[in-house]
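First up is the structure itself, then whatever we jot down about it.
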Amino acid sequence: MNAKLSRYAIVILATISLSIFLPNLYWMVFDKPNRPPQIYYSPIIKDFLFTKTINGNTEYWDKQGNTYSRKDYEALLPFNYYYNLDKWGVLPDSIDDFPVSISSIRKNSQFTRIRSVYFHTPMIQLNPLFESQSDFVHLEMPAELFRIDNKIEFLDARTNSTVDSLSDIFNSALTDQGFQFPAKYIAGNPTTRKAFDEGYFVIDQANHVFHLKKVKGQPFCVKTDIPTDLNIRHITIKENPRREFYGLLITQSNEVYLITYNNYQLIRLPADGYDADTMDLLFFVDPIYRTIKYSNDHKKTCVVTDINYNTIDIFTAHWTPKSKWTRSKIAAALFPFQVERQNKNTDYILFNLHYNGWIALIGILIALGATIIIKKTVYKENLKENWFDLLIVALSGIYGALAVLLIQPEPWD
Amino acid sequence: MIKAIFFKEWLKIRWVVFGAVLLALGFLTYIGLNLRQYFKMNDPINVWIYFIQRKVLYYSILKFIPAFIAVILAIAQFTPEMVKKRYRLTFHLPYSETKSILLMSGIGLLIVLLVAVILLVGLAIIGSNYFPAEVTYSSLITVLPWLLASITVYLATSAIVLDPSWKYRILYALFFIPFIQSLFLEHGYLEYQYSLTAYFLVSLLFGVVILFPGYRLRKGSVK
């Protein structure tokens, strides 16, 4: 009996291993590249341009169905390809009264990306608080990192101990502003590779958003008027010399806002259909437009607004998702389920069983039939004695069939 | 009888146990010295930032050590039993076959756990010496899948060594490796936070895999 149970343990482990290995092997052989289109809005023709990649060749199209050479295409997108246009000597002098030059474009451009993986990644929240008004040009790493939960605590890396004097000053500054510990969320841009520092945005227990930075060694702490009922999920801070906004804010219901320098007022970006868990979001600022793009494995939406964030035009490109490919249907018929361990929307390692639906019955029936025939005719086994084998095959198809046929039952005591 | 089995197992594995403890302590010392060097030669804050933001694991050298020890231990424990099929003598003892074989694996598992405890304690000491508590904690959680893997590797290797046929040995290896390999997929810290329980529950199955090869050995199966 024990040996019989032990064999089932081996068979089940084999089934799990095969449900990891066989689908991986299948896709190693049959996968093909899936190049999503690039979409841009041309300030010259005032319409969308996009690329199509067919068999490794890129074609350039506009929405009316015209095709372009690569050079003509880039010439219609001066805010993206200005270095090339300048090299060819075709950079226009002005577009919609905006005087065009490499430096004017650079000064008036900005780019922020929020990837789905940002929402699913482990991160130890110990951050450096930079001196934001230093006498020196470049930002410098302070000697401490800080944590903020039930209080704010600075830790000196040289001694690996708390710096109570500094912690006390910042604790009082936060409490004076009405901060209610423990802190729920903190966001900042903890790198010295930026032009200047805007510190951190911290959410307290009462959902108030506070802006915290260090100015001349002293705390700078502001309780912002960002609504407390927003259900903020994520904030990305990205300092840019344009100083229009501190960064982007995403709510639990996938609304996207800019946190502006105008007293932290929020501007809602048009992003209908954006889903933070599965989509990457790109936000471009160019001299005369704002572009919001978000995409997942089967569509990409591009929204263009004017500088006041009024929508001008929207374009969505669809393509066949991998799950709809014929080869995916064949995989689903072959494999009743697979164990997913990693995917591109998360840094976490998973152990997710994905069932492939009714189509898997085809594979299961074939596997079951083959198992019965082989057991009866080749192995001459008594099917009744090991009926559990057949149950395993009925539930796991090809995986279980391989397992029970290769790890054969013994004549049990 | 239990005492006698303990003694027999100890005779087989004492040098491996000694070597395993030495290896674990040696690698911990290396990690400690390496960190000391890092902190001495660089600005300490940059070392912190490097390990926290870049998610580099300062203890990644440990990754396969527990599994390696587990393989050697299982081989040391079960190969002598396979020479001239000595293990079959056990079946003549007035002690249940299942109990004696589980006792043998149990003794090996204790050693695997001992190595795990040494590594965890060592990492806790090293971590708390150089890093904030968050980083030390993350190191202890991050190595858990590797330690779980060492347990499964030990049990899997025991089963592989004990089976009387090469065909089955190869099949076991093929059937266990993809699952065990799933415990080594991390790129940074704390990535098994949400799945370790699932991996642990599946790993429980390894607890009994050795009984089937043991039974096949007694029956003299040649398939």
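Would you say A:Gly199 is among the small types (Gly, Ala, Ser) and under 22 Å from the mean Cα position of the chain (by Cα)? No: the conditions fail for A:Gly199.
Could you please let me know if A:Gly357 is in contact with a strand residue (DSSP E or B) (Cβ under 9 Å, 6 or more places away or on another chain) and on the phi > 0 side of the Ramachandran plot? Walk me through how you get there before you give the answer.
Details: in contact with a strand residue (DSSP E or B) (Cβ under 9 Å, 6 or more places away or on another chain): no; on the phi > 0 side of the Ramachandran plot: yes.
No, not satisfied.
Counting residues in segment A:55-65 that are among the acidic types (Asp, Glu), more than 14 Å from chain B (Cβ to nearest Cβ), touching an Asp or Glu at 6+ places or on another chain (Cβ under 8 Å) and closer than 19 Å to A:Phe284 by Cβ gives one or more. Checked against (1) away from chain B (no Cβ under 14 Å); (2) out of contact with any strand residue (DSSP E or B) (no Cβ under 9 Å at 6 or more places or on another chain); (3) surrounded by 14 or more Cβ atoms within 10 Å (Cβ to Cβ), A:Asp31 passes all but a single condition, namely (3). Return yes or no: is B:Leu103 more than 14 Å from every other protein chain (Cβ to nearest Cβ), at pLDDT below 95 and within 30 Å of B:Asp163 (Cα to Cα)? No, not satisfied. For segment B:143-150, does any single residue satisfy the condition of being farther than 20 Å from B:Phe18 by Cβ, touching a residue at least 40 places away in the same chain (Cβ under 8 Å) and not aliphatic (A, V, I, L, M)? Among the residues of segment B:143-150, at least one is farther than 20 Å from B:Phe18 by Cβ, touching a residue at least 40 places away in the same chain (Cβ under 8 Å) and not aliphatic (A, V, I, L, M), which makes the answer yes. Within segment A:197-219, does at least one residue satisfy the condition of being exposed (fewer than 15 other Cβ atoms within 10 Å of the Cβ), away from chain B (no Cβ under 13 Å) and hydroxyl-bearing (Ser, Thr, Tyr)? No; the residues of segment A:197-219 include none that is exposed (fewer than 15 other Cβ atoms within 10 Å of the Cβ), away from chain B (no Cβ under 13 Å) and hydroxyl-bearing (Ser, Thr, Tyr).
Being within 30 Å of A:Leu402 (Cα to Cα), surrounded by fewer than 19 Cβ atoms within 10 Å (Cβ to Cβ) and of a type in the set (Val, Ile, Thr) is a property that does not hold for A:Val90. Considering the conditions (1) without any contact (Cβ under 8 Å) to a residue 40 or more places away in the chain; (2) on the phi < 0 side of the Ramachandran plot; (3) not aliphatic (A, V, I, L, M), A:Asn207 is excluded by exactly one of them, (2).
Filter segment A:222-256 down to residues that are closer than 17 Å to A:Asp280 by Cβ and polar (S, T, N, Q) and give me whichever is surrounded by the most Cβ atoms within 10 Å (Cβ to Cβ). My answer is A:Thr236.
Restricting attention to segment A:72-87, the residues being more than 18 Å from A:Lys46 (Cα to Cα) and surrounded by fewer than 16 Cβ atoms within 10 Å (Cβ to Cβ) number 3. The listed residues are B:Tyr30, B:Tyr50, B:Tyr58, and the only one of them that is in contact (Cβ under 8 Å) with a residue 12 or more places away in the chain, of a type in the set (Ser, Thr, Tyr) and under 17 Å from A:Leu126 (Cβ atoms) turns out to be B:Tyr58.
Within segment A:395-413, residues that are closer than 17 Å to B:Phe176 by Cα and at the interface with another protein chain (Cβ under 9 Å from one of its Cβ atoms) sit with their Cβ atoms under 7 Å from residues that are part of a helix (DSSP H, G or I) and basic (Lys, Arg), at 6+ positions apart or across chains, in these pairs: A:Ile407/A:Arg7. Just one of the numbered conditions (1) more than 29 Å from B:Ala76 (Cβ to Cβ); (2) out of contact with any helix residue (DSSP H, G or I) (no Cβ under 6 Å at 6 or more places or on another chain); (3) buried (at least 23 other Cβ atoms within 10 Å of the Cβ) is not true of B:Tyr192: (2). Taking the conditions (1) surrounded by 16 or more Cβ atoms within 10 Å (Cβ to Cβ); (2) within 16 Å of B:Ala133 (Cβ to Cβ) in turn, A:Asp149 satisfies each one other than (1). Of all residues in segment A:337-389 being among the aromatic types (Phe, Trp, Tyr) and within 13 Å of chain B (Cβ to nearest Cβ), which is surrounded by the fewest Cβ atoms within 10 Å (Cβ to Cβ)? Out of the qualifying residues, it is A:Tyr379.
Just checking, which of B:Ile126, B:Ile151 is within 14 Å of chain A (Cβ to nearest Cβ), over 14 Å from the mean Cα position of the chain (by Cα) and among the β-branched types (Val, Ile, Thr)?
Details: B:Ile151 fails: over 14 Å from the mean Cα position of the chain (by Cα).
Testing whether each residue is within 14 Å of chain A (Cβ to nearest Cβ), over 14 Å from the mean Cα position of the chain (by Cα) and among the β-branched types (Val, Ile, Thr) leaves just B:Ile126.
The residue that is farthest from the other protein chains (Cβ to nearest Cβ), counting only those in segment A:101-124 that are over 19 Å from the mean Cα position of the chain (by Cα) and touching a residue at least 24 places away in the same chain (Cβ under 8 Å), is A:Ser104. Against the conditions (1) assigned to a loop (DSSP other than H, G, I, E, B); (2) within 14 Å of another protein chain (Cβ to nearest Cβ), A:Tyr8 satisfies every one except (1).
Please determine whether any residue of segment A:102-122 is more than 23 Å from A:Asp197 (Cα to Cα), surrounded by fewer than 14 Cβ atoms within 10 Å (Cβ to Cβ) and among the hydrophobic types (A, V, I, L, M, F, W, C). So far as segment A:102-122 goes, yes, one or more of its residues are more than 23 Å from A:Asp197 (Cα to Cα), surrounded by fewer than 14 Cβ atoms within 10 Å (Cβ to Cβ) and among the hydrophobic types (A, V, I, L, M, F, W, C). Each residue in segment B:163-184 was checked for being buried (at least 20 other Cβ atoms within 10 Å of the Cβ) and either among the hydroxyl-bearing types (Ser, Thr, Tyr) or at pLDDT 95 or above (or both), and 9 of them qualify. There is no residue in segment B:94-101 that is closer than 14 Å to B:Leu217 by Cα, surrounded by fewer than 15 Cβ atoms within 10 Å (Cβ to Cβ) and among the β-branched types (Val, Ile, Thr).
The values are calculated or read from the model by the stated rules, or taken from the named source; none is laboratory data. Everything numeric here is computed off the predicted structure, so don't read it as measured data. Ideal geometry is used to build each Cβ from the backbone, glycine not excepted, and the neighbour counts take in all protein chains shown.
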